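Undergrad: Pasting a structure below so you can have a look.
The values are calculated or read from the model by the stated rules, or taken from the named source; none is laboratory data. Everything numeric in this text was worked out from a predicted model, so none of it was measured. Every residue, glycine among them, receives a Cβ derived from its backbone with ideal geometry; neighbour counts consider all protein chains shown. Areas reflect the complete protein model, heavy atoms only, side chains present, ligands, DNA and RNA absent. Shrake-Rupley method; radii C 1.70, N 1.55, O 1.52, S 1.80 Å.
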Amino acid sequence: MTTRPFTVADVMTRKVVAVRPGSEFKEIVAAMERWKVTALPVVEGEGHVLGVVSEADLLLKEEFHDHRLGLVEQARRLDDTAKAGSWRAEDLMTSPAITVAPDASLPRAARLMAARRVKRLPVVDARGTIRGIVSRSDLLKVFLRPDEELADEVLLEVVEPLFPPSRHGVDVRVEGGVVTLSGQVGDSALIPLAARLARAVEGVVDVRCELTADAGA
């Protein structure tokens with residue numbers, strides 16, 4: 001049976017700290033300090049995500065506190081100066097929010113964070129209702145999988161499908177998340193594929209492929 005790939009729903013934090021559109025500046029700062037987070041989703045109704053307010057959004061108030069802008073810089077930073085003069089979440093937030101679906105793969109979430117330069121993403125369902133929060137640290141949780149669990153998955157998902165006649169001659173060892181494949185197999189062309197598939201298993205740190213082709217096969 002094929003192991004189900006990990007999704008955002010498997011690693012996300014389900015307890016969500018959020019603010020309402022009318023939440024005031026000091027209230028937002030206090031919530032960030034209390035829950036030790038750097039950004040908060042802004043929600044309305046039953047949890048529909050409108051945007052995200054981050055430390056960067058709030059720090060604009062400090063940046064422009066005693067700094068007078070020239071006309072050119074004012075024109076270039078209209079959004080920033082507007083946020084600096086605001087005090088409610090609906091005016092401070094970045095909208096629309098960059099979100100991800102619960103069934104998105106972990107690589108997709110990681111690529112989205114990197115591309116959009118954010119540290120966390122609200123997880124929303126098809127209706128836009130918040131279901132959780134996924135952060136960079138959440139995406140790293142897969143690397144905490146036990147070595148024994150990784151070895152079992154590599155054996156089931158890689159070795160048995162690729163080398164059924166010779167699977168008992170293939171040894172799978174995992175130490176610290178590093179997979180070592182060793183032994184002899186009948187088809188040398190499958191060796192690079194085995195290494196690539198083993199590396200794709202969630203939680204695998206690296207793969208050392210010591211497989212060799214059986215000259216008598």
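Undergrad: From the set of residues in region 135-148 that are outside any strand (DSSP E or B) and in contact (Cβ under 8 Å) with a residue 40 or more places away in the chain, which is surrounded by the fewest Cβ atoms within 10 Å (Cβ to Cβ)?
TA: Quick first cut of region 135-148, residues outside any strand (DSSP E or B) only: 136-148.
Those still in the list that are in contact (Cβ under 8 Å) with a residue 40 or more places away in the chain too: 138-139, 141-145.
On the way: ASP138: 20, LEU139: 19, LYS141: 16, VAL142: 17, PHE143: 13, LEU144: 8, ARG145: 17.
In this case the residue turns out to be LEU144.
Undergrad: Looking only at region 150-161, decide whether some residue is free of Cβ contacts under 8 Å to residues at least 24 places away in the same chain and part of a strand (DSSP E or B). Explain how you work it out, then say what you get.
TA: Taking region 150-161 first, the residues free of Cβ contacts under 8 Å to residues at least 24 places away in the same chain are 152, 155, 160-161.
Keeping just the survivors that are part of a strand (DSSP E or B) gives none.
The answer is no, given that none of the residues of region 150-161 is free of Cβ contacts under 8 Å to residues at least 24 places away in the same chain and part of a strand (DSSP E or B).
Undergrad: In addition: Does VAL174 qualify as being under 24 Å from ARG145 (Cβ atoms), out of contact with any strand residue (DSSP E or B) (no Cβ under 6 Å at 6 or more places or on another chain), buried (at least 17 other Cβ atoms within 10 Å of the Cβ) and at pLDDT 95 or above?
TA: For VAL174, the condition - under 24 Å from ARG145 (Cβ atoms), out of contact with any strand residue (DSSP E or B) (no Cβ under 6 Å at 6 or more places or on another chain), buried (at least 17 other Cβ atoms within 10 Å of the Cβ) and at pLDDT 95 or above - is met.
Undergrad: Ok, one more. Do the conditions hold for VAL158, that is, is it touching a helix residue (DSSP H, G or I) at 6+ places or on another chain (Cβ under 9 Å) and closer than 27 Å to SER54 by Cβ? Quick ask: steps written out before the conclusion?
TA: Values: touching a helix residue (DSSP H, G or I) at 6+ places or on another chain (Cβ under 9 Å): yes; closer than 27 Å to SER54 by Cβ: no.
In short, no.
Undergrad: A follow-up question, please. Answer yes if at least one residue in region 81-95 is of a type in the set (Ser, Thr, Tyr), in a helix (DSSP H, G or I) and at pLDDT 90 or above, and no otherwise. Give the derivation first.
TA: Quick first cut of region 81-95, residues of a type in the set (Ser, Thr, Tyr) only: 81, 86, 94-95.
Restricting the remaining residues to those that are in a helix (DSSP H, G or I) gives 81.
After this cut, where a residue has to be at pLDDT 90 or above as well, the list is none.
For region 81-95, residues of a type in the set (Ser, Thr, Tyr), in a helix (DSSP H, G or I) and at pLDDT 90 or above: absent.
Undergrad: Condition (residue is in contact with a Phe, Trp or Tyr (Cβ under 9 Å, 6 or more places away or on another chain), assigned to a strand (DSSP E or B) and in contact (Cβ under 8 Å) with a residue 12 or more places away in the chain) applied to region 165-179: is it met by at least one residue?
TA: So the first thing to find is which residues in region 165-179 are in contact with a Phe, Trp or Tyr (Cβ under 9 Å, 6 or more places away or on another chain), and the list is 169-170, 177.
With the extra rule that they be assigned to a strand (DSSP E or B), the set shrinks to 170.
Add one more test, that the residue is in contact (Cβ under 8 Å) with a residue 12 or more places away in the chain, and what stays is 170.
Yes - at least one qualifying residue is present in region 165-179.
Undergrad: Then there's this: Kindly indicate the residue of region 50-68 that is open to solvent by 20 Å² or more (accessible area, probe 1.4 Å) and of a type in the set (Asp, Glu) and also modelled with the highest pLDDT among those meeting that condition.
TA: First, the residues of region 50-68 that are open to solvent by 20 Å² or more (accessible area, probe 1.4 Å): 50, 52, 54-56, 59, 61-68.
Remaining after also requiring of a type in the set (Asp, Glu): 55, 62-63, 66.
On the way: GLU55: 91, GLU62: 63, GLU63: 57, ASP66: 54.
Ranking the qualifying residues of region 50-68, first place goes to GLU55.
Undergrad: For region 33-49, which residues satisfy the criterion of being of a type in the set (D, E, K, R) and buried (at least 17 other Cβ atoms within 10 Å of the Cβ)? Walk me through how you get there before you give the answer.
TA: Looking only at region 33-49, we keep the residues that are of a type in the set (D, E, K, R), and these are 33-34, 36, 44, 46.
Listed by number, the list is empty, since nothing qualifies.
Undergrad: At positive phi, modelled with pLDDT of 95 or more and assigned to a loop (DSSP other than H, G, I, E, B) - does that describe any residue in region 204-216?
TA: Restricting attention to region 204-216, the residues satisfying the condition of being at positive phi are none.
Within region 204-216, none of the residues are at positive phi, modelled with pLDDT of 95 or more and assigned to a loop (DSSP other than H, G, I, E, B).
Undergrad: Can you tell me which of LYS36, LYS15 is farther than 21 Å from LEU106 by Cα, under 20 Å from the mean Cα position of the chain (by Cα) and not hydrophobic (A, V, I, L, M, F, W, C)?
TA: Numbers: LYS15 fails: farther than 21 Å from LEU106 by Cα.
One residue alone meets the criteria, LYS36.
Undergrad: Turning to a different aspect of this structure: The conditions are (1) under 23 Å from VAL42 (Cβ atoms); (2) at pLDDT 90 or above, and LYS141 fails exactly one of them. Which is it?
TA: (1)
Undergrad: Continuing with this model, one more query. What number of residues in region 113-134 are assigned to a strand (DSSP E or B) and at pLDDT 95 or above? Talk me through it step by step, then tell me what you get.
TA: Of all residues in region 113-134, those assigned to a strand (DSSP E or B) come to 120-124, 129-134.
From the residues that got through so far, the ones that are at pLDDT 95 or above too are 121-124, 129-134.
Residues flagged as assigned to a strand (DSSP E or B) and at pLDDT 95 or above within region 113-134 amount to 10.
Undergrad: In region 11-32, what residues are of a type in the set (Asp, Glu) and either exposed (fewer than 12 other Cβ atoms within 10 Å of the Cβ) or without any contact (Cβ under 8 Å) to a residue 60 or more places away in the chain (or both)? Show your work before the answer.
TA: So in region 11-32, the residues of a type in the set (Asp, Glu) come out as 24, 27.
Result: GLU27, single match.
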